[in-house]
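S.K.: Here it is: the structure, laid out below.
The values are calculated or read from the model by the stated rules, or taken from the named source; none is laboratory data. Because the structure is predicted, anything quoted here is derived from the model rather than measured. Virtual Cβ from ideal backbone geometry, glycine too; neighbours counted across all protein chains shown. What goes into the accessible areas is simple: the full protein's heavy atoms, side chains included, and nothing from ligands, DNA or RNA. Shrake-Rupley method; radii C 1.70, N 1.55, O 1.52, S 1.80 Å.
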Amino acid sequence: MNPIALRPIDLSGVASALPAPWASELLEQVGTAAVKVLRMDGRPLPVESHDNAEVLVVLGGRLELLVDGVEVTVGPGELHRIPAGAAHAVRPGSRGTLLIVEVPEEAPPGPGADGPEVRPGRR
């Protein structure tokens with residue numbers, strides 16, 4: 001096991017040391033999920049969408065979102081999941097530290113996903 005992985009990460013410290021607000025830092029890769037942190041500075045960000053779902057956790061401050069046309073406020077200690085493909089934007093007033101977990105959507109199992117296909121009459 002990697003001994004560095006056993007050390008705690010100071011999320012607020014990493015976010016405050018980033019060169020610019022809204023520039024995320026990849027902290028860990030956990031399976032297929034990417035764990036990132038960033039610093040919010042009150043500025044709005046334009047509408048975007050991603051191929052992967054995102055789980056947004058506000059560690060401190062407040063995140064103001066517009067998700068598929070619906071205003072959402074996420075406060076400290078709260079999380080909000082944005083589904084893959086959902087149009088979302090950051091509204092003015094978002095400040096603090098944000099943890100992002102990008103989670104690739106799993107495709108539904110295709111033929112043979114549960115093992116070899118078994119056809120009647122074949123052995």
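S.K.: Among residues belonging to the stretch 27-60 that are among the small types (Gly, Ala, Ser) and without any contact (Cβ under 8 Å) to a residue 60 or more places away in the chain, point out the one that is farthest from residue 78 (Cα to Cα). Can you show your working first?
M.R.: Taking the stretch 27-60 first, the residues among the small types (Gly, Ala, Ser) are 31, 33-34, 42, 49, 53, 60.
Next, from what is left, pick out any that are without any contact (Cβ under 8 Å) to a residue 60 or more places away in the chain: 31, 42, 49, 53, 60.
Details: 31: 23, 42: 18, 49: 21, 53: 17, 60: 9 Å.
If we take residues in the stretch 27-60 being among the small types (Gly, Ala, Ser) and without any contact (Cβ under 8 Å) to a residue 60 or more places away in the chain, then 31 is farthest from residue 78 (Cα to Cα).
S.K.: Quick check on my filter: what residues within the stretch 17-29 are surrounded by 14 or more Cβ atoms within 10 Å (Cβ to Cβ) and of a type outside the set (Phe, Trp, Tyr)?
M.R.: Narrowing the stretch 17-29 to residues surrounded by 14 or more Cβ atoms within 10 Å (Cβ to Cβ): 18, 21-22, 24-25, 27.
If the condition is that a residue be surrounded by 14 or more Cβ atoms within 10 Å (Cβ to Cβ) and of a type outside the set (Phe, Trp, Tyr), then 18, 21, 24, 25, 27 are the ones that fit.
S.K.: Another question about this same structure. Answer with yes or no whether residue 72 is in contact (Cβ under 8 Å) with a residue 12 or more places away in the chain and over 13 Å from the mean Cα position of the chain (by Cα).
M.R.: Details: in contact (Cβ under 8 Å) with a residue 12 or more places away in the chain: no; over 13 Å from the mean Cα position of the chain (by Cα): yes.
So residue 72 does not fit the description; no.
S.K.: Go through the stretch 15-43 residue by residue and tally those that are of a type in the set (A, V, I, L, M) and not in a strand (DSSP E or B).
M.R.: Just the residues of the stretch 15-43 that are of a type in the set (A, V, I, L, M), to begin with: 15, 17-18, 20, 23, 26-27, 30, 33-35, 37-38, 40.
Still in the running and not in a strand (DSSP E or B): 15, 17-18, 20, 23.
So the answer is 5.
S.K.: Then there is this: When the stretch 44-100 is examined, which residues are found to be open to solvent by 70 Å² or more (accessible area, probe 1.4 Å), in a strand (DSSP E or B) and among the acidic types (Asp, Glu)?
M.R.: Answer for the stretch 44-100, where residues must be open to solvent by 70 Å² or more (accessible area, probe 1.4 Å), in a strand (DSSP E or B) and among the acidic types (Asp, Glu): 48, 71.
S.K.: Here is a further query. Given (1) in contact with a Pro (Cβ under 6 Å, 6 or more places away or on another chain); (2) polar (S, T, N, Q); (3) surrounded by 14 or more Cβ atoms within 10 Å (Cβ to Cβ), where does residue 32 come up short, assuming only one miss?
M.R.: Result: residue 32 fails condition (3) only.
S.K.: Name the one entry in 14, 37 that is aliphatic (A, V, I, L, M), open to solvent by less than 60 Å² (accessible area, probe 1.4 Å) and touching a helix residue (DSSP H, G or I) at 6+ places or on another chain (Cβ under 6 Å).
M.R.: On the way: 14 fails: touching a helix residue (DSSP H, G or I) at 6+ places or on another chain (Cβ under 6 Å).
Residue meeting the stated conditions: 37.
S.K.: May I pose another question? Please tell me if residue 110 is open to solvent by less than 50 Å² (accessible area, probe 1.4 Å), of a type outside the set (Ser, Thr, Tyr) and modelled with pLDDT under 95.
M.R.: On the way: open to solvent by less than 50 Å² (accessible area, probe 1.4 Å): yes; of a type outside the set (Ser, Thr, Tyr): yes; modelled with pLDDT under 95: yes.
Spelling it out, residue 110 is indeed open to solvent by less than 50 Å² (accessible area, probe 1.4 Å), of a type outside the set (Ser, Thr, Tyr) and modelled with pLDDT under 95.
S.K.: While we're on this one: Scan the stretch 15-26 and report the pairs whose first residue is under 18 Å from residue 101 (Cα atoms) and modelled with pLDDT under 95 and whose second residue is surrounded by 14 or more Cβ atoms within 10 Å (Cβ to Cβ) and β-branched (Val, Ile, Thr), with Cβ atoms within less than 7 Å and a gap of 6+ or a chain change.
M.R.: What qualifies is 15/37; 15/97; 24/37; 24/100; 25/14; 25/37.
S.K.: Need the failing condition index for residue 36 against (1) out of contact with any Ser or Thr (no Cβ under 8 Å at 6 or more places or on another chain); (2) of a type outside the set (Val, Ile, Thr); (3) at pLDDT 95 or above, just the number.
M.R.: The failed condition is (1).
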